[in-house]
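*Asks:* I am attaching a structure below and will ask some questions about it afterwards.
The values are calculated or read from the model by the stated rules, or taken from the named source; none is laboratory data. Owing to the predicted nature of the structure, the values given are computational and were not obtained by experimental measurement. Here the Cβ is made from the backbone with ideal geometry for all residues, glycine too, and neighbour counts use every protein chain on show. In case anyone asks, the SASA skips ligands and DNA or RNA and just uses the protein heavy atoms, side chains included. Shrake-Rupley method; radii C 1.70, N 1.55, O 1.52, S 1.80 Å.
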Amino acid sequence: MFLSKDEEKLLESGDYTIRKCMEILVAVGKIFDADRLIKIKSAQISGISYDNIGDAGLEWLESLNAKVKVLTLCNPAGMDLIRWKEMGIDKDFYEKQMRVINALKKLGVSLSLTCTPYYLVEINYGDHLAWAESSAIVYANSVIGARTNRESGITALASAIIGKTPNYGLHIKDNRAPHVRVIIDEGMDPAIAGYETGRIVKDRIPFVEFKKKLNNNGLKAFGAALAASGGSPMFHAKEITPEWRDFEIPSEKIVIDGLKQESCEPDLIAIGCPHLSKEELKTVYDLLSKMGKVKKTLWIFTSRKIAWENKKLVEKIENLGAKVFSDTCMVVSPATRRFECVMTNSGKALEYLPKTKNVRAIFGNLRECIEVATK
Ligand code: F3S
């Protein structure tokens, strides 16, 4: 892999953090046959919930002595930084999570605490990024046409500190070609369509034909579930993805037509995986105001920026009995563990809740979730 003189100097730097970050990027570049490092417009770090990283991750973050070189955002933490008590988070967890937050602050990371960074910062077609949140990666690649590989929390942080990423994978146009054609039936919820597609295509890139065209919120739900149940870093949606015409349509064809699931009686209804947009918050409010007061526990997750910008709407939702939390989500917070059965409209949460929180999870579309919450 070609390194400029300046890059070689970083590799021999007396600064431990810089040297290690360069070593990580060069090692990854060599594994994937990258020809060089390329500049990135922004980085996004995942794995910042203390529930996921524990003391080892916390101490590693605290040991880093550097500043990020590019705009660097971060994923949700394990709690709402302000309303953590209402989530049932204990003081010990709060203190550890705040140490993680302070370590990120010291590195210069912007405390976006969301998996929807594309609502916060402008990214454009062709931008090179080093993002680590799987749902945001799919959205950036597929809906916007930016370019990012599926980074880990560590490689994204190394890229943030160096300001570059190895040039391989989805940074190169030819590697973005679709492998399999997928037809999505008209009546399917996008989250379930993504969930089922991911289970079949695994980490291949699908060329997707939605019989009913999706808006960006639907594409977000589809992509998040696709990346969670499979591992695909992007999809091409016919007539939507900026590059959809640039490649041959694959000959292998799959039709996706439904989900079979077991049932359980939900004691938590959780919405907002990925974090809700303003329009989705509005839809939640419209449904709630039609169906009446919440009678079960209904948690809604969005970024703090969206919540602040829509304070009145959030208040109205909360007046109907739901809780709107920020900075966290049902999957990365330990708070979900005390429930037995979670109903969600997210294909990603459906995949991860049983694995990471040991709770049962069932799917309902947004209307069904609100119906159950108000029954
Ligand atoms: Fe976001 Fe948490 Fe889902 S990080 S995509 S809300 S698992």
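*Asks:* Normalized C-alpha radius of gyration of region 21-71, against 2.2 N^0.38 Å? Intermediate results must be reported in sequence, preceding the final value.
*Replies:* Details: Rg = 13.6 Å, N = 51, 2.2 N^0.38 = 9.8 Å.
Dividing the Cα radius of gyration by 2.2 N^0.38 Å gives 1.39.
*Asks:* Let me ask another. If you stretched the chain out fully between Glu248 and Glu186, how much longer would it get, using 0.36 nm times the residue separation minus the C-alpha to C-alpha distance?
*Replies:* Between Glu248 and Glu186, full extension yields an extra 19.9 nm.
*Asks:* State to the nearest 20 debye the size of the charge dipole of the chain about its Cα centre, where the only charges are +1 on K and R beta carbons and -1 on D and E beta carbons.
*Replies:* Here the chain has a charge dipole of around 620 debye.
*Asks:* Here's a follow-up. Excluding ligands, DNA and RNA, what is the solvent-accessible area per residue of the chain at a probe of 1.4 Å, expressed in Å²? Please list the in-between numbers first.
*Replies:* Values: 16070 Å² over 375 residues.
Here the residues of the chain average 43 Å² of exposed surface.
*Asks:* For region 1-116, what does the equivalent ellipsoid look like in terms of its semi-axes, each the square root of 5 times an eigenvalue of the Cα gyration tensor, given largest first in whole Å? Each step should come with its number before you reach the end.
*Replies:* Numbers: eigenvalues 203, 42, 29 Å².
Values for region 1-116, descending: 32, 14, 12 Å.
*Asks:* Per the 1.4 Å probe, what fraction of the accessible area of region 104-199, in percent, lies on carbon and sulfur atoms? List each step's numbers first, then the result.
*Replies:* Details: 1250 of 2750 Å².
In region 104-199, the share of accessible area belonging to carbon and sulfur is 45 percent.
*Asks:* Another one. Over its Cα atoms, what ratio of radius of gyration to 2.2 N^0.38 Å does the chain give?
*Replies:* Working: Rg = 20.6 Å, N = 375, 2.2 N^0.38 = 20.9 Å.
Scaled against compact globular proteins, the figure is 0.98.
*Asks:* Right, next: Given 0.36 nm per residue, what is the gain on full extension from Tyr16 to Asn319 after removing their alpha carbon distance, in nm?
*Replies:* The span from Tyr16 to Asn319 would gain 103.9 nm if fully extended.
*Asks:* Let me know the whole percent of all Cα-Cα pairs from region 198-324 that are separated by more than 17 Å.
*Replies:* So the portion of pairs separated by more than 17 Å is 67 percent.
*Asks:* Do any cysteines in the chain lack another Cys Cβ under 4.7 Å, and if so which?
*Replies:* Cys21, Cys74, Cys115, Cys273, Cys329, Cys369
*Asks:* Work out the charge dipole of the chain with +1 on the Cβ of Lys and Arg and -1 on the Cβ of Asp and Glu about the Cα centre, then indicate which of Met188, Leu170, Ala103 is farthest towards its positive end.
*Replies:* My answer, from the dipole projection, is Ala103.
*Asks:* Top to bottom by accessible area (1.4 Å), largest first, where do Asp267, Asp327 land?
*Replies:* Asp267, Asp327
*Asks:* Convert each backbone phi in region 87-101 into a coupling constant with the Karplus relation 6.51 cos²θ - 1.76 cosθ + 1.60 (shift: θ = phi - 60°), then list the ³J(HN,Hα) values in order as whole Hz, x for Gly and Pro.
*Replies:* Per residue, the Karplus-derived 3J(HN,Hα) values read 7, x, 7, 8, 4, 4, 5, 3, 5, 5, 5, 5, 5, 4, 4 Hz.
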